[in-house]
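Notes follow the structure.
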Amino acid sequence: MSKRAFITGITGQDGSYLAELLLKKGYEVHGLIRRASTFNTSRIDHLYVDPHDPSAKIFLHYGDLSDGARLVTLLAEIDPDEVYNLGAQSHVRVSFDEPEHTADTTGTGTVRLLEAVRLSGIETRFYQASSSELYGATPPPQNEETPFYPRSPYGAAKLYSYWITKNYREAYGMFAVNGILFNHESPRRGETFVTRKITRAVAAIKVGRQENLYMGNLDAIRDWGYAAEYVEGMWRMLQADEPDDYVLATGLPCTVRDFLRLSFDYVGLNWENHVRFDDRYLRPTEVDALIGDPTKAREKLGWKATVRPDELARLMVDADIEMLEHSGRPWSDEVSLESWREN
Ligand code: NAP
Ligand code: GDD
């Protein structure tokens, strides 16, 4: 019997890589998708098999983290061995515009799902997508012992989710863990997060379709890794003997300015000729520096990030150029990692 997993946020960046990984490992994968008037499954279309086909191992279910009753019914029906809660309003800047919605999805959504596990009476392991945004104003390096100081409605909502996950572990003996993940990116990254915004613009400028790129704070320091590697860490957390919380990070600092330079340099352009400032991209409160210490994940889970920010920038720029130039293919990151390292 293959294991069954349930993923909220399966249509997002991480959800798509995680679904891929679990299917490769032989899991039956169930994903929660939101009903939308347009298709919102482009990141997982390549994985989808018609459920009438007996070989189908991926199944999608309509639902929403705001709908607790639906979550109870679904979990009772699916009876998964593992639940990955990746669904969220995940954009920090947007969380200042929509604080209530962010609290409802990114915060309360987690307790709805935990309650659904409890009320449906299933035995399952639970992964919560916690975030380095929890550290907020606390200076780096940050590890599992570092105090939290969130700086946005998104960070505050994730803080609630972190603690409620820990509480269900302690109160009900649930195998529930927090993966405290530092920023991780890929060609599937949402287009308004800074790395993807930069690499798409570099591609468009390179092929002559764009002149300028408008940006906010270039001094922020982030610890940017490659998303495909991070989902392996999520899975490992749920295979451990005991439930615990782990940081996943590269440990390598990179400013937004560095990432601009790396991306523009790669295609032979000078970033300073194209980047302009626009204060609409500033946040009312900023997180200045996130640099993770992933020692615990390395020692206890054997997990390590291998892709450096310069490789990440190249990989994303190439994918965006390819997408612009010829691709009917929506996500063109199937090129092997090794070939990027040679560049
Ligand atoms: P993402 O690309 O923005 O994906 C978010 C997913 O959540 C999408 O599938 C989205 O569905 C779904 N979603 C949003 N609101 C929902 C709701 N009310 N009910 C059900 N599903 C909902 O995010 P990501 O980068 O993959 O990140 C995955 C998770 O890890 C998120 O919780 C994020 O906050 C957290 N995280 C991310 C990072 C990072 O650097 N990427 C770091 C730390 C933590 P639609 O496709 O329909 O919008
Ligand atoms: N998005 C964006 N757009 N960010 C910009 C821009 C811009 O034009 N200009 C500068 N920045 C700066 C932001 O102010 C921030 O300091 C940094 O670039 C990174 O911004 P994002 O890529 O939007 O990511 P984030 O760090 O705020 O949040 C991401 O990482 C978290 C983990 O630390 C998201 O994926 C969160 O969901 C995740 O939890």
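The values are calculated or read from the model by the stated rules, or taken from the named source; none is laboratory data. Remember, predicted model here, so these are calculated numbers, not experimental data. Methodologically, a virtual Cβ is constructed for each residue, glycine included, from the backbone with ideal geometry; neighbour enumeration extends over all protein chains shown.
Criterion first (within 21 Å of ASP245 (Cβ to Cβ), in contact with a Leu (Cβ under 7 Å, 6 or more places away or on another chain) and small (Gly, Ala, Ser)) does GLY109 satisfy it? Break it down into steps so the answer makes sense when it comes.
Numbers: within 21 Å of ASP245 (Cβ to Cβ): yes; in contact with a Leu (Cβ under 7 Å, 6 or more places away or on another chain): yes; small (Gly, Ala, Ser): yes.
The answer is yes for GLY109.
When you go through (1) more than 9 Å from ligand 2 (Cβ to nearest atom); (2) closer than 16 Å to ASP14 by Cβ one by one for GLY190, which number turns out not to apply?
Single failed check for GLY190: (1).
The rows are residues; the columns are (1) crowded, with 19+ Cβ neighbours inside 10 Å; (2) outside the structural domain of GLU123 (by TED's automatic domain parsing); (3) within 14 Å of ligand 1 (Cβ to nearest atom); (4) not in a loop (DSSP other than H, G, I, E, B).
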{"site": "ARG200", "(1), (2), (3), (4)": "yes, yes, no, yes"}
{"site": "ALA203", "(1), (2), (3), (4)": "yes, yes, no, yes"}
{"site": "GLU211", "(1), (2), (3), (4)": "no, yes, no, no"}
{"site": "LEU218", "(1), (2), (3), (4)": "no, yes, no, no"}
{"site": "GLU229", "(1), (2), (3), (4)": "yes, no, yes, yes"}
{"site": "MET234", "(1), (2), (3), (4)": "yes, no, yes, yes"}
{"site": "LEU238", "(1), (2), (3), (4)": "yes, no, no, yes"}
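Filter the range 45-65 down to the residues that are surrounded by 15 or more Cβ atoms within 10 Å (Cβ to Cβ) and touching a strand residue (DSSP E or B) at 6+ places or on another chain (Cβ under 7 Å) and list them by number.
Filtering the range 45-65 for residues surrounded by 15 or more Cβ atoms within 10 Å (Cβ to Cβ) gives 47, 57-61, 63-65.
Correct list: LEU47, LYS57, ILE58, PHE59, LEU60, HIS61, GLY63, LEU65.
Give just the number: which of (1) part of a helix (DSSP H, G or I); (2) surrounded by 14 or more Cβ atoms within 10 Å (Cβ to Cβ) does TRP303 not satisfy?
It is condition (1) that TRP303 fails.
If you go through the range 86-109 one residue at a time, how many are over 23 Å from PHE193 (Cα atoms) and buried (at least 24 other Cβ atoms within 10 Å of the Cβ)?
Filtering the range 86-109 for residues over 23 Å from PHE193 (Cα atoms) gives 108.
If we keep only those that are buried (at least 24 other Cβ atoms within 10 Å of the Cβ) too, we end up with none.
Result for the range 86-109: 0.
If you take just the strands (runs of 3 or more DSSP E) that sit entirely in the range 14-116, which of them hold at least 3 residues that are away from ligand 2 (no atom under 16 Å from the Cβ)?
28-33, 58-62
Suppose we keep only residues that are surrounded by fewer than 24 Cβ atoms within 10 Å (Cβ to Cβ) and in a loop (DSSP other than H, G, I, E, B) within the range 172-182. Which one would you say is nearest to ligand 1 (Cβ to nearest atom)?
It comes out as MET174.
Mind listing whichever residues of the range 37-85 are polar (S, T, N, Q) and out of contact with any Leu (no Cβ under 8 Å at 6 or more places or on another chain)?
Within the range 37-85, the subset polar (S, T, N, Q) is 37-38, 40-42, 55, 66, 73, 85.
Listed by number, the residues that qualify are SER37, THR38, ASN40, SER42, SER55, SER66, THR73.
List the number of the failed condition for TYR168; all other conditions in (1) assigned by TED's automatic domain parsing to the domain that holds ASP244; (2) touching a Ser or Thr at 6+ places or on another chain (Cβ under 7 Å); (3) not in a strand (DSSP E or B); (4) not hydrophobic (A, V, I, L, M, F, W, C) hold.
(2)
What about ILE180, is it within 13 Å of the chain's Cα centre (by Cα) and β-branched (Val, Ile, Thr)?
Criteria met by ILE180.
With TYR154, TYR127 as the choices, which residue is within 16 Å of ligand 1 (Cβ to nearest atom) and assigned to a strand (DSSP E or B)? Reasoning before the result, please.
On the way: TYR154 fails: assigned to a strand (DSSP E or B).
TYR127 is the lone residue from the list that is within 16 Å of ligand 1 (Cβ to nearest atom) and assigned to a strand (DSSP E or B).
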